[in-house]
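Each remark here refers to the structure printed beneath this line.
The values are calculated or read from the model by the stated rules, or taken from the named source; none is laboratory data. Keep in mind it's a predicted model, so treat the numbers as computed, not measured. Backbone-built Cβ (ideal geometry, glycine too); neighbour counts: all protein chains shown. Keep in mind that these areas ignore ligands, DNA and RNA; they rest on the heavy atoms of the full protein, side chains included. Shrake-Rupley method; radii C 1.70, N 1.55, O 1.52, S 1.80 Å.
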Amino acid sequence: MDILHVSAECFPVAKVGGLADVVGALPKYQNKLGIISKVILPYYDNSYIKNKKQESVYKSKLKLGSTSYSFEILELKTKLGFQLFLVKIPGLLDRENVYGYVDDTERFLSFQIAVLDWVVKSKAKPSVIHCHDHHTGFIPFMMSHSKKYKTLKNIPTILTIHNAQYQGQFGFDKLDYIPAFNQDKIGLLDWNNQINPLATAIKCAWRITTVSPSYLEELSIHANGLEYLLKHENQKSLGILNGVDTNVWDPEKDKLITKNYSVKTVQSGKKANKNYLCERFNLDRSKPLFSFIGRLVYEKGADLFSDIFYKSLLKNNASILVLGSGNKEVEAKLKSLNIPFKNSYNSFIGYDEVLAHQIYAGSDFLLMPSRVEPCGLNQMYALRYGTIPIVRRIGGLKDTVIDIGDGGFGICHDQSSVSDVVYSIDRAVEFYQNQAAFKKTRKKCMQIDYSWNKSAQEYLSLYKSLTN
Ligand code: ADP
């Protein structure tokens, strides 16, 4: 069996968030199960890609409306645990960032056309094409209804929804970007009078997966306008929890942290890593250290952070550290908290993969008061590094964290509100005072297995059900 993953992100080649972690790990674990799993990604103009050897495997031209672009498929010659192909479209895809350009519609549509132009010409066809999020959402439609791809019609397609908030909609004035298709099927492109790639993929993919079972349930209530559609397509939908790439996230071997540790050496290991963080960010090491890592956006509850932190820090019994970037107003507020709380609060506004590892290793608690959390990987990384997660019971957080009050290993609250989070921080501070229970829970966290093994197997069963 030969699987082709089509994605906009893949760790360590191009990462914005959890999508990259999933696409950089799942194929590795699938290859271990004896199938051949490959990834195709846009060629971005970043240093990781530029510094690796590449081999050209296909060259051609594609049409986007009336504009013609040359493109090339390159294989990246590096050991990732799976074959990685890149679509190079000079002038469109070869930019430093993954997203955020005015012509993202044109960029990702051209990417998808190039992928299918290559697949349709290649001798060995994939057994399944696995699409990730809206950037790859037209692939199932084009394979079923565009004349030039009709030989791909019988290849099963899967759409994994990592985040339904982002749908990539655009107007019908750009309809001619989509290669000639059976006009009877035009309704499949439409959602609320716009062309909506995520909605199109939900309608056309053979199967849909979401990155946690709870997220699938929640999507029929909150899906940024797609609730009805997802409810309607529920029969072909399945929630499969993401996992942890235990080669990348391993406190025993992680080269990015100050001191490696195992379950046996967790006390001294975490102490050394906490000391490093406290020294670097001028934080009082005698207090429990609470951290947040992630995008500073509404979905993550970031607009509440300054109020939460202010209220908690006034009590003078906790230290807080933030790593993230996003909303500029939130960033400014978070920076200004340094002034009143010099020894107990700090922030690093930006993206820093190394610091993220150090924070998972050196913190006592990780905060995730998300409004929406399709799966959430941070809580699983925190557990692996013996850091107790404080989460809102939503999406994948609900599926992976059990409260200490229920015999579990985390602290859970029901609302993404200032009072709920402040109350959870208070509970954590109190729990930290009982060092025996705290240390025992830390060990328990580290022993929880959220590796990809189980989920990779679930995807394999899904592929088998489609190809047999
Ligand atoms: P999402 O995909 O919604 O952003 P996830 O929890 O699924 O959230 O994945 C987030 C991933 O991105 C994790 O690997 C996390 O460590 C990483 N991450 C997020 N923000 C930053 C940042 N500012 N610096 C370093 N890593 C970050």
Exercise for review: Say whether the condition of being part of a strand (DSSP E or B), free of Cβ contacts under 8 Å to residues at least 24 places away in the same chain and not small (Gly, Ala, Ser) is met by at least one residue in segment 428-437.
Suggested key: no
Point to revise | strands (runs of 3 or more DSSP E) completely within segment 1-90 that count 2 or more residues being under 18 Å from the mean Cα position of the chain (by Cα) and away from the ligand (no atom under 16 Å from the Cβ) | key: 2-6, 36-42
Review point. For segment 349-378, what are the residues that are among the small types (Gly, Ala, Ser) and closer than 24 Å to residue 271 by Cα?
Key: 356, 361, 362, 363
Check your understanding: How many residues does segment 137-167 hold that are within 16 Å of the ligand (Cβ to nearest atom) and closer than 21 Å to residue 5 by Cβ?
Key -> 7
Review point. Which of (1) in a loop (DSSP other than H, G, I, E, B); (2) without any contact (Cβ under 8 Å) to a residue 40 or more places away in the chain is the odd one out, the single condition residue 282 does not satisfy?
Key: (2)
Review point. Of 192, 196, which residue is over 20 Å from residue 392 (Cα atoms), out of contact with any helix residue (DSSP H, G or I) (no Cβ under 7 Å at 6 or more places or on another chain), open to solvent by 40 Å² or more (accessible area, probe 1.4 Å) and not charged (D, E, K, R)?
Key: 192
Practice item. Could you tell me whether segment 434-442 includes any residue that is open to solvent by 20 Å² or more (accessible area, probe 1.4 Å) and either at pLDDT below 95 or farther than 20 Å from residue 261 by Cα (or both)? Key: yes
**Study point:** Condition check for residue 252: in contact with a Gly (Cβ under 8 Å, 6 or more places away or on another chain), outside the structural domain of residue 365 (by TED's automatic domain parsing) and farther than 30 Å from residue 146 by Cβ
**Key:** no
Check your understanding: Failed condition for residue 372, given (1) away from the ligand (no atom under 16 Å from the Cβ); (2) open to solvent by 10 Å² or more (accessible area, probe 1.4 Å); (3) in contact with a helix residue (DSSP H, G or I) (Cβ under 7 Å, 6 or more places away or on another chain), with all others met?
Key -> (1)
Review point. If the Cβ limit is 6 Å and pairs must be 6+ apart or interchain, which residue in segment 7-35 that is without any contact (Cβ under 8 Å) to a residue 24 or more places away in the chain pairs with which residue that is surrounded by 24 or more Cβ atoms within 10 Å (Cβ to Cβ)?
Key: 20/9; 20/10
Study note, to complete from the structure: Residue hits (segment 236-291; in contact with a strand residue (DSSP E or B) (Cβ under 7 Å, 6 or more places away or on another chain), small (Gly, Ala, Ser) and surrounded by fewer than 21 Cβ atoms within 10 Å (Cβ to Cβ)) are 237
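Going by what's in this entry, would residue 335 be described as surrounded by 20 or more Cβ atoms within 10 Å (Cβ to Cβ) and of a type in the set (D, E, K, R)?
The answer is no for residue 335.
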Point to revise | Candidates 221, 208, 257, filtered to the one that is closer than 30 Å to residue 153 by Cα and either assigned to a loop (DSSP other than H, G, I, E, B) or assigned by TED's automatic domain parsing to the domain that holds residue 138 (or both) | key: 208
Check your understanding: Which residues, counting only those in segment 388-413, are in contact (Cβ under 8 Å) with a residue 60 or more places away in the chain and either outside any strand (DSSP E or B) or within 11 Å of the ligand (Cβ to nearest atom) (or both)?
Key -> 394, 395, 396, 398, 399, 400
Check your understanding: Can you tell which of 298, 276 is of a type in the set (Ser, Thr, Tyr) and closer than 25 Å to residue 371 by Cβ?
Key -> 298
Exercise for review: Return the total of residues in segment 79-101 being open to solvent by 40 Å² or more (accessible area, probe 1.4 Å) and either touching a Cys at 6+ places or on another chain (Cβ under 9 Å) or not basic (Lys, Arg) (or both).
Suggested key: 10
